[in-house]
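Comments concern the structure below.
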Amino acid sequence: MGTADRKLVYSTDDTPGDDSPFAILRGQITDDDTSAGQQTPPPAPANPPSKGSGASVRVQRERKGRRGKTVSVITGVPGPEARRQDLLKQLKQKLGTGGALEGDNIVIQGDHRDRAVDLLNQMGYRAKAAGG
């Protein structure tokens, strides 16, 4: 019977001897905290190499060791792995297919060699089709 009569009240008043469980948090959060609820913007993608650089990117078809499935393998992409990850993401979106990084190579599922060469050239890479 007495449980309906009891009601816990937590106050945020600045009274000394406050028994509020939130009293210890009072000094940690301020109204002028600009980072609360905001996300940091993603880093800008790395710039592709200039047209005059000597590095050329090769795109070839491959089926060996893949149970007969054709893939397009992109080799010779200069820069750190983060640049290859970004390039892989862009190619997968534009080609509408899956893909992965295998070491220093970018592997795109399906025979997209010609389209990948065109896209890479538009992005500023010196891409060439390799193989037969």
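Structure notes:
- Residue count, region 66-118 (criterion: at pLDDT below 90, over 20 Å from A130 (Cβ atoms) and among the basic types (K, R)): 2
- Candidates G131, G37: the one that is of a type in the set (G, A, S), at pLDDT below 90 and in contact with a strand residue (DSSP E or B) (Cβ under 9 Å, 6 or more places away or on another chain) is G131.
- Scan of region 78-100 for residues that are of a type outside the set (A, V, I, L, M, F, W, C) and assigned to a helix (DSSP H, G or I), ordered by number: E81, R83, R84, Q85, D86, K89, Q90, K92, Q93, K94
- Of all residues in region 106-130, those that are over 14 Å from R63 (Cα atoms) and without any contact (Cβ under 8 Å) to a residue 24 or more places away in the chain have Cβ atoms under 8 Å from Cβ atoms of residues that are part of a strand (DSSP E or B) and of a type outside the set (V, I, T), 6 or more apart or on another chain, in D114/A129; N121/A127.
The values are calculated or read from the model by the stated rules, or taken from the named source; none is laboratory data. All values derive from a computational prediction rather than experimental measurement. Cβ coordinates were reconstructed from backbone atoms using ideal geometry, including for glycine residues, and neighbour counts include every protein chain displayed.
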